[in-house]
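The values are calculated or read from the model by the stated rules, or taken from the named source; none is laboratory data. Just so it is clear, the structure is predicted and the values come from calculations on it, not from any experiment. Cβ placement follows ideal geometry from the backbone for every residue including glycine, while neighbour counts extend to all protein chains displayed. For the accessible areas, the whole protein counts, side chains as well, though only heavy atoms, and no ligand, DNA or RNA atoms are used. Shrake-Rupley method; radii C 1.70, N 1.55, O 1.52, S 1.80 Å.
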Amino acid sequence: MSRFWSRLVSTLDPYVPGEQPRIQNLVKLNTNEHPYGPSPRVVAAIAQANSDDLRLYPDPTSLVLRQAIARRESLVPEQVFVGNGSDEVLAHAFQALLKQERPLLFPDITYSFYPVYCGLYQIFHRTVALDDALVIRPEDYLQGDAGGIIFPNPNAPTGRGLGLDALERIVAGNPDVVVVIDEAYVDFGGVSATPLIARYPNLLVVQTMSKSRSLAGLRVGYAMGHPDLIQGLDRVKNSFNSYPLDRLAQAGGVAAIEDEDYFQRTRGAVIQSREALSKGLCALGFDVLPSLANFVFASHPKRPAEELAAALRERGIIVRHFRHPRIANFLRITVGTDAQCGQLVAACNEILG
Ligand SMILES: *Cc1c(COP(=O)(O)O)cnc(C)c1O
């Protein structure tokens, strides 16, 4: 607290990112990073962009990157917005599209950055409880009282997802407000809502290169939707930072989108490892939610999650634990390499005796 802070800053309750400790040989399964490196073509493109041209500002519109994304998704560049990680894209969406008279709706158990943006931008919101299986019930979002809707699909940290019919019910049932679908994890088995963009001008789909394209360190996120929504995001972006993506990020992002083969192989490997990890944990008595993401959400009937997380940490393995009462007994465990997953299962076996 400082007398120099604005009134708003004194009221903020900022997001706390998963820790990034600098400890050697740590098995880091706490922030849903990809276990394999980015495509070699990405590394080469960044090396090439690392030149005298860095004295020049980057393209403020990131046009080449937006063209590459549009091509892959069968859209036009006017339907694509890019930002410094999808967190920035989401922040702009909250300010440009989701701040309305009526409340913004999102699940009670979800990405914990959403309430933080509401605090920053003073957005009135209401949380909607997931069902007992921790799944979103579409009908809860069809009450006609929403000023906007946002949820991840698959949801975080549960890993549970909705199919295209359920997504369309929510989007079609709210024609006068924007529905933002945060698809940070969609490439690990979820269903993307992008095919609905052509028919629903109120739909904004947000994706990121941080998870399925192994580029959390490059900070590239994007949104896809009707050009009017994209223009709204652009107005906020151009009132905030003209150059959110530097030259290296734009070059690396293009290469990542274009290396489809590497993307398919590495996401497939993570999906396979996830299934093996889920089986290993189930065999130890864990209840593991069926996951469509690059993490599993698991609880053990005999041992509090917080205690397990502490015991794993003593063995050099870090996972994520959330204090929200409904999920306080769950651990969110990122899918690592098969070797890392094996270490985790072995450590749990030892801890559980
Ligand atoms: C990781 C994550 C993001 C943010 O990703 P960026 O690294 O900022 O692109 C957004 N939404 C959800 C649900 C996430 O898990």
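Calculate the FRET efficiency for PHE322 and SER242 from the Cβ-Cβ distance with a Förster distance of 30 Å, rounded to the nearest 0.05. If you can, show how the numbers build up before the last one.
Values: r = 36 Å, r/R0 = 1.20.
With R0 = 30 Å, the Cβ-Cβ based efficiency is 0.25.
Could you tell me whether the range 46-197 comes out rounded, prolate or oblate from its Cα gyration tensor? Rule is a ≥ b ≥ c as square roots of the eigenvalues, rounded for a/c under 1.5, then prolate if a/b exceeds b/c, otherwise oblate. Note, shape of the range 46-197 comes out prolate.
Database remark: amide H of GLY336 closer than 5 angstrom to the amide H of CYS341 (H placed geometrically; neighbours at sequence offset of 5 or more, or on other chains; Pro and chain starts carry no H). For ARG332, neighbours were defined as the other residues whose beta-carbon sits under 15 Å from its Cβ, and their charges (Lys and Arg +1, Asp and Glu -1) total +4.
Taking Lys and Arg as +1 and Asp and Glu as -1, the other residues whose beta-carbon sits under 12 Å from that of GLU306 total +3. Normalised by 2.2 N^0.38 Å, with N the number of residues, the alpha-carbon radius of gyration of the chain equals 1.00. Ordered from highest to lowest accessible area with the whole protein assembly present and a 1.4 Å probe, GLU350, GLU314, GLU73 read as GLU314, GLU350, GLU73.
So what is the 222 nm mean residue ellipticity for the chain from helices alone, if each DSSP H run of at least 4 adds -39500 (n - 2.57) and you divide by all residues, rounding to the nearest 500 deg cm²/dmol? Don't jump to the answer; show the numbers that get you there.
On the way: 11 runs with 125 residues, N = 353.
For the chain, the value works out to -11000 deg cm²/dmol.
Compared with the alpha-carbon gap, the fully stretched path from ALA198 to ASP228 is longer by 9.5 nm at 0.36 nm per residue. With K and R counted +1 and D and E -1, the other residues having a Cβ less than 13 Å from that of VAL296 yield a net charge of +3.
Solvent-accessible area assigned to carbon and sulfur over the chain amounts to 51 percent, based on a 1.4 Å probe. Per residue, the solvent-accessible area of the chain (1.4 Å probe, heavy atoms of protein chains only, all protein chains present) comes to 46 Å². For the residues SER39, SER112, a 1.4 Å probe over the protein chains yields an accessible-area ranking, largest first, of SER112, SER39.
Here the spin labels are modelled as points 7 Å beyond Cα on the Cα-Cβ line, and at GLN48 and ARG22 they lie 3.3 nm apart. Between ARG315 and any residue 5 or more places off or on another chain, the built amide H atoms are never under 5 Å apart.
Find the percent of Cα-Cα distances in the range 66-136 that exceed 15 Å, and round it to a whole number. Intermediate results must be reported in sequence, preceding the final value.
Values: 1552 of 2485 pairs.
Of all Cα-Cα distances in the range 66-136, 62 percent exceed 15 Å.
Using the Cα gyration tensor of the range 140-282, with a ≥ b ≥ c the square roots of its eigenvalues, what is the shape: rounded (a/c below 1.5), prolate (a/b larger than b/c) or oblate (neither)? Since a/c reaches 1.5 but b/c is at least a/b, the shape of the range 140-282 is classed as oblate. In the chain, Cα pairs under 8 Å separated by at least six residues give a relative contact order of 23 percent.
Label-to-label distance for GLU139 and GLU314 is 4.8 nm, based on points extended 7 Å past Cα in the beta-carbon direction.
The antiparallel fraction among DSSP beta bridges confined to the range 139-224 stands at about 35%. When its C-alpha radius of gyration is set against 2.2 N^0.38 Å (N residues), the range 173-229 gives a value of 1.20.
Using a 1.4 Å probe, how large is the accessible area of ARG41, given in Å² and rounded to the nearest 10? Approximately 120 Å² for this residue.
Mind checking the full-extension length gain between GLU307 and GLU101? Use 0.36 nm per residue of separation minus the Cα-Cα distance, one decimal, nm. Write out the running numbers ahead of the final one.
On the way: separation 206, 0.36 × 206 = 74.16 nm, distance 4.30 nm.
Using 0.36 nm per residue and subtracting the Cα-Cα distance, I get 69.9 nm.
Scanning the chain for DSSP H helices at least 18 Å long along the axis (C-alpha atoms) with a Kyte-Doolittle mean no lower than 0.0 picks out 338-352. Using a 10 angstrom Cβ neighbour count of at most 15 plus a DSSP loop assignment to flag exposed chymotrypsin sites (Phe, Trp or Tyr not before Pro), which longest range of the chain is free of such sites? Answer from the scan: 125-239.
Going by the alpha-carbon gyration tensor, a ≥ b ≥ c the square roots of its eigenvalues, is the range 238-353 rounded (a/c under 1.5) or, if a/c is not under 1.5, prolate (a/b greater than b/c) versus oblate?
Numbers: a/c = 2.63, a/b = 1.76, b/c = 1.50.
Prolate.
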